[in-house]
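Engineer: Structure provided below as structure tokens; questions to follow.
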Amino acid sequence: MKNKPAHYASAKINKLSMDAESIECSLGNHLVYSISKDPITATDRDWFYSAAYAARERLTEHWIKTMRSYYEQDAKRVYYLSMEFLMGRTLMNAVLNTGCEENFKKAMAGLGLDAERIREQEFDAALGNGGLGRLAACFLDSMATLGIPGYGYGIRYEYGMFNQHIENGYQVEHPDNWLRYGNPWEFPRPEMLYQVKFNGRVVNYADEQGNPRFHWVDTDDVMAMAYDYPIPGYDTETVNNMRLWAAKASRDFDLRYFNEGNYIKAVEDKNESENLSKVLYPDDTTEMGRELRLKQQYFFVCASLQDILVRHHKHHDGFDTLPDKVAIQLNDTHPSIAIAELMRIMVDLHNVDWDHAWDITTRTFAYTNHTLMPEALETWPVELFEKILPRHLQIIYEINHRFLKEVMHRYPDDPGLWARLSIIDETHGRRIRMAHLAIVGSHKVNGVAELHTQLMKDTIFADFQRMWPHKIINMTNGITPRRWLNQANPGLSALISRHIGRGWLKNLSQLRRLVPLADDAEFRAEFAQVKRDNKLRLAKVIEQRLHIQVDPDSMFDVQIKRIHEYKRQLLNVLHVITLYNRLRAGGDCVPRTVIFAGKAAPGYLQAKRIIKLINDVADIINNDPAVADRLKVVFIPNYDVSNAELIVPAANLSEQISTAGTEASGTGNMKLSLNGALTIGTLDGANIEIRQEVGPENFFIFGLTTDEVSRLWAAGYNPWDYYHADAELRQALDMINHGYFSPDDRERFRPIFDALTQGGDPYLLLADYASYIACQQSVEALYRESDAWTRKSILNVAHMGKFSSDRTISDYASQIWGAQPISVPAD
Ligand SMILES: *Cc1c(COP(=O)(O)O)cnc(C)c1O
């Protein structure tokens, strides 16, 4: 240790109690002293802010203590670098994790406040698109709960994921001005500023020993300012930190123009540089190769690395111990420029020898891959790099040069392999393959479910697998049971705890103790009652927001996720239309409410058309007296974490129907199962492992396997064959094509029909249709046996232990990070 911390003991701290009276006192004090409102005129929002301040001040002391323990114990730190953190709301999470829920409720009641309404005043922190960003949020919760010294690093977007309105059945995007009323959870650190350079040019020169040296000069600079967010663990003293960066104009930059007397120009430039952290890119799985996006990536990576090294150098000189004290996880390739940046810092700024620097770098980084789909693999044109990050381009060339030398040495007769492995793709113009940079620069690369990892090894990264057979490993995703069961489903969580205690919150495998209760009629009745209450709660919201009445006893058939062709919402729609046709033809079915929610990327026209189709189909079906109350279709707008918390506990059936081999893992599938929904799903992503855990008899499987998909493509797939062979399928498709659901514009959905037929049906909906419809038939049959359904539903919950993100994080900690839990001393 270089220097001991100063004692803070001399500061007089008025410790805050967790009892109801002192919380009530905090609420009142904050209303008056922090918000400056008269209780007589205070709004729900004012009370929300008071509550947030009352909760956060009960975290901050532990937060400071946690940071101090890590420092004093010189703990190995884990840095989770992610462009996205989909946190959702914080108030309930903060209250539950600090264990003062009951007293908070009492305090609110004491003031005559409606806790539910006040809680809903909070904006979702939606700094992410979907699964990838939500995974990062679950990981932060688990690291804090397990006592792992984990820090989240990302971007403080001024505008997060857009708000989705549905107008006339169409998605309309509205800006997410989430900071409008201020964010009570963030602590601005205006003194924590780092310089980030862009553009400019590289000057080479030789040092005294004649070694080549490089200077990156004439750059345009932006400052990164830190904002900190406390991340409390559950039932522990540990409170970790998430640090997000906001762009601020650099003072130097301003001065240049001020000196020229051009005040307005200076302010304009200030605005331009602060645009860097203005908005989240709302694209889920397709890459938009935009300059601003690349700048965002380097911006947060550059600031985070500087910050990480400042912390490291408080204890350690130089870089030799970095891999022993620091693990950096790259959440997808978005932050993978960090590999070149760390090399630049060591080689250019600290004169570390290249080979030594490279050894340190590769032992520090690990990379998580999230997708196999080629359109999602990030690449950047060499010219763009040359302009924005000229020195990094040189470093990437050098990394590639040395890497390819090794490749050629090991595989001298295989030039095809050299080209395939190269970090530079020469086949589509010259582009940098960020995944290759990430793999070459990391000691471990992980997939996010068994199947996904296997396919990585067999397909897109097969050449790397051959080269480094131990580098690619699996880390099946998980979700935090605190938010996704305890917080979202208080009814079920109370029922569970009443029977098996509260140990499951920190050790989800304990849910296994529910297994015998599946055969207990009384427990089944209670369990079914909780589900019905949750459905009633959702039905009320649907009535309020959409003016659609749904029957809480109908099967709530739920597909909630980003709208994407590979996720096959359209297959679900084909089933809905088939049910509708059967009803119109005098058939019968179990009453169903088919619930959709999800956002489409603003530029993804086909996905937006699918949203319009769902809403048009809903319009026709919900208003057709012929189906009366047996079928309803509902599209709930603005799918986000808070809406997920509302919908998930009310689901009976979970739709996880992606084409086999396309969904890396899925985590929505886990949330729904954990809350007692049965899954209808393909053998894709983590569905396979969920089925394995809950037992095949408690899971509805259908469709082609990945092997069958490959064989079908190899044999030649013709969707028209399926169209002609299946009358019900043909009828449903023709109705879409001919404007049955769009009488005002009969051409509207022809592009959907075309994509599924002459377009080649790339996601094999027609091939899986019959199997899906038949499977839905057995879902119906089971739903009629409500007791048998409930039994299977309980067994699903009971076997979800594996999918706690606590399990995922302890696997990362032991197999990738080499990080240990650190105990924070209690008071
Ligand atoms: C969990 C979650 C997702 C991911 O859902 P998948 O079904 O795994 O794609 C996306 N968005 C939100 C808001 C979520 O909570």
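Each value in this text was obtained by applying a stated rule to the coordinates, not by laboratory testing. Nothing here was measured: the structure is a model prediction, and the numbers come from that model. A quick note on method: Cβ atoms are made from the backbone with ideal geometry, for glycine too, and the neighbour counts reach across all protein chains shown.
Engineer: Which ³J(HN,Hα) values in Hz, rounded to whole numbers, follow from the phi angles of the range 103-112 under the Karplus curve 6.51 cos²θ - 1.76 cosθ + 1.60, where θ = phi - 60° and Gly and Pro get x?
Structural biologist: For the range 103-112, the Karplus-derived couplings read 5, 5, 4, 4, 4, 4, 4, x, 8, x Hz, x marking Gly and Pro.
Engineer: Report, as a whole number in µm² per second, the diffusion coefficient that Stokes-Einstein gives for the range 677-735 at 37 °C and 0.692 mPa s using the Kirkwood radius over alpha carbon pairs. Please report the intermediate quantities before stating the final value.
Structural biologist: Details: Rh = 13.6 Å.
The calculation lands on 241 µm²/s.
Engineer: Rounded to whole Hz and in sequence order, give me ³J(HN,Hα) for the range 586-591 from the Karplus expression 6.51 cos²θ - 1.76 cosθ + 1.60, θ = phi - 60°, writing x for Gly and Pro.
Structural biologist: x, x, 10, 8, 5, x
Engineer: Under 5 Å between amide hydrogens, which residues at least 5 positions from residue 213 or on another chain qualify, with H placed 1.01 Å from N in the peptide plane?
Structural biologist: 205, 206, 207
Engineer: Which of the residue pairs 471/608; 65/314; 567/612; 270/387 have a Cα-Cα distance greater than 28 Å in the structure shown?
Structural biologist: Too far apart for the 28 Å limit: 471/608.
Engineer: Would you mind checking which residues have amide H under 5 Å from residue 79's amide H? H placed 1.01 Å from N; only 5 or more apart, or other chain.
Structural biologist: 151, 327, 328, 329
Engineer: Taking N as the number of residues in the range 1-140, what is its alpha-carbon radius of gyration divided by 2.2 N^0.38 Å?
Structural biologist: 1.24
Engineer: Something else: Shape call for the range 196-254 from the C-alpha gyration tensor, a ≥ b ≥ c root eigenvalues: rounded (a/c under 1.5), prolate (a/b greater than b/c) or oblate?
Structural biologist: oblate
Engineer: Here's another thing I want to ask about it. Equivalent ellipsoid semi-axes for the range 500-594, as square roots of 5 times the alpha carbon gyration tensor eigenvalues: give them largest first, rounded to whole Å.
Structural biologist: Equivalent-ellipsoid dimensions as semi-axes: 32, 18, 16 Å.
Engineer: Ranking 86, 536, 16 by Cβ neighbours within 10 Å, fewest first, what do you get? Walk me through the intermediate numbers first.
Structural biologist: Working: 86 26, 536 13, 16 17.
With the sparsest Cβ surroundings first, the list reads 536, 16, 86.
Engineer: Could you line up 242, 192, 108 from fewest to most neighbouring Cβ atoms inside 10 Å?
Structural biologist: Listing 242, 192, 108 from fewest to most nearby Cβ atoms yields 192, 108, 242.
Engineer: How long are the semi-axes of the ellipsoid equivalent to the range 35-118, from square roots of 5 times the Cα gyration tensor eigenvalues, in whole Å, largest first?
Structural biologist: Equivalent-ellipsoid dimensions as semi-axes: 31, 15, 12 Å.
Engineer: Just to be sure I understand: if I project the alpha-carbon convex hull of the range 355-400 onto a plane and average over all orientations, what area do I get in nm²?
Structural biologist: 4.4
Engineer: Expressed in nm², what is the orientationally averaged projection area of the convex hull enclosing the Cα positions of the range 739-803?
Structural biologist: 7.6
Engineer: Separate question: Only Lys, Arg, Asp and Glu count, each charged at its Cβ (+1, +1, -1, -1), so figure out the dipole size of the range 122-260 about its Cα centre, rounded to 20 debye.
Structural biologist: Details: 11 positive and 20 negative charges, 50 e Å.
I would put it at about 240 debye.
Engineer: Are there any trypsin sites (Lys or Arg not before Pro) in the range 363-444 that are in a DSSP loop and have at most 16 other Cβ atoms within 10 Å? List them by number. Before the final figure, lay out each step's value.
Structural biologist: Working: sites: 363, 387, 391, 402, 405, 410, 420, 430, 431, 433, 444; in loops: 430.
In loop regions of the range 363-444 (DSSP not H, G, I, E or B), the sparsely surrounded trypsin sites (Lys or Arg not before Pro) are 430.
Engineer: How are the Cα pair distances of the range 445-493 distributed, in percent, across 10 Å bins from 0?
Structural biologist: 26, 32, 16, 17, 8, 0
Engineer: Ok, one more. Counting only Cα, what are the radius of gyration and maximum Cα-Cα distance Dmax of the range 591-650, in Å?
Structural biologist: Rg then Dmax for the range 591-650, in Å: 13.0, 37.
Engineer: A follow-up question, please. Sort all Cα-Cα distances of the range 337-434 into consecutive 5 angstrom bins from zero, then give the percent of pairs in each bin up to the one containing the longest distance.
Structural biologist: Computed distribution, short to long bins: 2, 11, 20, 21, 22, 17, 6, 1.
Engineer: Quick check of the Kirkwood formula: for the range 648-716, what is the inverse mean of 1/r over all pairs of different Cα atoms, in Å? All intermediate terms of the calculation are to be shown ahead of the outcome.
Structural biologist: On the way: mean 1/r = 0.0815 Å⁻¹.
About 12.3 Å, per the Kirkwood formula over Cα pairs.
Engineer: Explain nothing, just compute: Karplus ³J(HN,Hα) = 6.51 cos²θ - 1.76 cosθ + 1.60, θ = phi - 60°, for every residue of the range 415-431 in order, whole Hz, x for Gly and Pro.
Structural biologist: x, x, 5, 4, 5, 5, 7, 3, 5, 9, 8, 9, 8, 10, x, 8, 9
Engineer: Still on this model: Below 10 angstrom from the Cβ of residue 389, what's the summed charge of the other residues (Lys, Arg +1; Asp, Glu -1)?
Structural biologist: Taking every other residue near residue 389 into account, the sum is +3.
Engineer: Taking the inverse of the average 1/r across all pairs of different Cα atoms in the range 254-380, what Kirkwood radius in Å do you get?
Structural biologist: Numbers: mean 1/r = 0.0587 Å⁻¹.
After inverting the mean inverse Cα-Cα distance, the result is 17.0 Å.
Engineer: So how far apart, in nm, are the two label points at residue 605 and residue 356 if each is 7 Å from Cα heading toward Cβ?
Structural biologist: 5.7
Engineer: Next question, about the same structure. Would you mind giving the average projected area, over all directions, of the Cα convex hull of the range 686-802 in nm² with one decimal?
Structural biologist: That works out to 9.5 nm².
Engineer: Right, next: Along its three principal axes, how long is the chain when you only count alpha carbons? Whole Å, largest extent first please.
Structural biologist: Sorted from largest, the Cα extents of the chain read 90, 75, 58 Å.
Engineer: Follow-up question, since we're still on this one. Stokes-Einstein at 4 °C, 1.567 mPa s, Kirkwood radius from Cα pairs: D for the range 467-548 in µm² s⁻¹?
Structural biologist: Reported coefficient: 84 µm²/s.
Engineer: Which value in Å is the Kirkwood Rh of the range 116-235 over different Cα pairs?
Structural biologist: 18.7
Engineer: Using the scaling law 2.2 N^0.38 Å as the reference, what is the normalised Cα Rg of the range 350-491?
Structural biologist: Ratio of Cα Rg to 2.2 N^0.38 Å: 1.24.
Engineer: Dipole of the chain, Cα-centred, from +1 at each Lys and Arg C-beta and -1 at each Asp and Glu C-beta, to the nearest 20 debye?
Structural biologist: 1120
Engineer: With a 10 Å radius around each residue's Cβ, average the other Cβ atoms per peptide and rank 754-761, 146-153, 806-813, highest first.
Structural biologist: On the way: 754-761: 16.6, 146-153: 24.4, 806-813: 22.0.
Answer by packing, highest mean first, reads 146-153, 806-813, 754-761.
Engineer: Using R₀ = 30 Å, calculate the FRET efficiency as 1/(1 + (r/R₀)^6) where r is the Cβ-Cβ separation of residue 815 and residue 101; round to 0.05.
Structural biologist: 0.30
Engineer: Assuming 0.36 nm per residue, please report the length gained on full extension of the stretch residue 29 to residue 44 beyond their Cα-Cα distance.
Structural biologist: On the way: separation 15, 0.36 × 15 = 5.40 nm, distance 1.57 nm.
My answer for the length gained is 3.8 nm.
Engineer: Something else: Starting from the Cα-Cα distance between residue 402 and residue 771, subtract it from 0.36 nm times their residue separation and give me the gain in nm to one decimal.
Structural biologist: Extending this stretch completely gives an extra 127.8 nm.
Engineer: Can you sort 40, 339, 496, 388 by how many other beta carbons sit within 10 Å, fewest first?
Structural biologist: 40, 388, 496, 339
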